[in-house]
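**Q** Just dropping this structure here.
The values are calculated or read from the model by the stated rules, or taken from the named source; none is laboratory data. Here the structure is a predicted model, which is why all the values come from computation and not from measurement. Reconstructed Cβ throughout: ideal geometry from the backbone, glycine too, with neighbour counts over all protein chains shown.
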Amino acid sequence: MKLFNEGTDLSSVILLAVGILEGIHYLYYIFEPITASKIGKYMSWRKFDKLIKKIADQIKKDNKRYAMIVAAGRGGAICAGCLSSYLESIPVLVLDRKYLDGGRTRKATFYESKVVIDERFQLLKNEKILLLSQQSDPGITLSEIEKVMANSGFSYMDQCAVLKSDKTADTDIKYFAQSYSSNKKCKKFPWEKHKGYMDIMN
C-alpha cells in the first residue's frame with residue numbers, strides 16, 4: 001500500500017508529519033502520568049490545569065460552596081488562585097512558614113498562629129472554608145493550617161490537596177486530584193522549573 005500518491009509534494013508530506021506529531025503530543029498530555037521519568041521531571045501546565053479542574057468538578061458535584069480558600073504558600077498560592085477561577089473567584093488567603101537551608105526545608109508551624117478578620121467580615125467564620133496544599137507528602141501541612149484557622153474562630157473546614165501521597169499525615173483530606181505511591185517520585189509542578197523559583201530553592 002502506498003502512503004503517498006505519485007506527485008505528492010514535499011509540503012503535503014511535512015504537513016501530514018506535523019499533524020501526526022501534534023496528535024501524539026495531544027494524546028501524551030491527555031494521559032500524562034504524574035510520576036517523574038527520564039523524559040519528564042515536570043508536569044505540563046495543561047496537566048496541572050486538568051488536575052485543578054478535576055478538584056473543582058468534585059466540589060461542584062457535591063454542591064459545596066466555600067466562602068474562602070486558605071492555601072499553604074508558595075505553590076499552594078498558585079493552586080488556590082487557579083482553583084478559585086473555577087469556583088466563582090472566591091477569595092484566597094495564603095499562609096506560609098519559615099524556610100530553612102536556602103528553601104529546601106520548612107518549619108512545620110506557620111508564621112501566623114491566628115488570622116485577624118476585619119469586623120465587616122466576621123460572618124465568614126460561620127461559613128465553610130477550603131484548606132489547600134499543592135502536595136501532601138508526607139507532612140501535616142493541612143492539619144497545621146486547620147489549627148491556625150480554628151484559633152481564628154473558624155469551625156467548618158474541608159481539606160484539599162492537588163496530589164495526595166499514600167503516606168500523608170494529613171488524614172482528613174476530602175478532595176484531591178490524584179493519589180500516588182510514596183515510593184515513586186512525582187513530577188514537579190510546572191512553575192518549579194522557572195529560574196526565579198529555583199533561585200529561591202537553591
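**Q** Look through segment 89-110, keep the residues that are modelled with pLDDT under 70 and not in a strand (DSSP E or B), and return whichever of them is surrounded by the most Cβ atoms within 10 Å (Cβ to Cβ).
**A** So the residue we want is GLY103.
**Q** Take segment 146-176 and flag every residue that is in a loop (DSSP other than H, G, I, E, B) and either closer than 16 Å to SER136 by Cβ or of a type outside the set (Gly, Ala, Ser) (or both).
**A** Selection gives PHE154, TYR156, ASP166, LYS167, THR168, ALA169, ASP170, THR171, ASP172.
**Q** Under 9 Å between Cβ atoms, at least 6 apart or on separate chains: pull out the pairs that start in segment 60-76 with a residue that is farther than 9 Å from SER133 by Cα and end on any residue that is among the polar types (S, T, N, Q).
**A** What qualifies is LYS64/GLN58; ALA67/ASN126; ILE69/SER84; ARG74/GLN134.
**Q** Go through TYR66, TYR42, TYR29 for me and flag whichever is surrounded by 12 or more Cβ atoms within 10 Å (Cβ to Cβ), hydroxyl-bearing (Ser, Thr, Tyr), modelled with pLDDT of 60 or more and touching a helix residue (DSSP H, G or I) at 6+ places or on another chain (Cβ under 6 Å).
**A** Of the residues listed, the single one that is surrounded by 12 or more Cβ atoms within 10 Å (Cβ to Cβ), hydroxyl-bearing (Ser, Thr, Tyr), modelled with pLDDT of 60 or more and touching a helix residue (DSSP H, G or I) at 6+ places or on another chain (Cβ under 6 Å) is TYR42.
**Q** Another one. When you scan segment 170-177, do you find a residue that is over 17 Å from LEU51 (Cα atoms) and modelled with pLDDT under 85, even just one?
**A** yes
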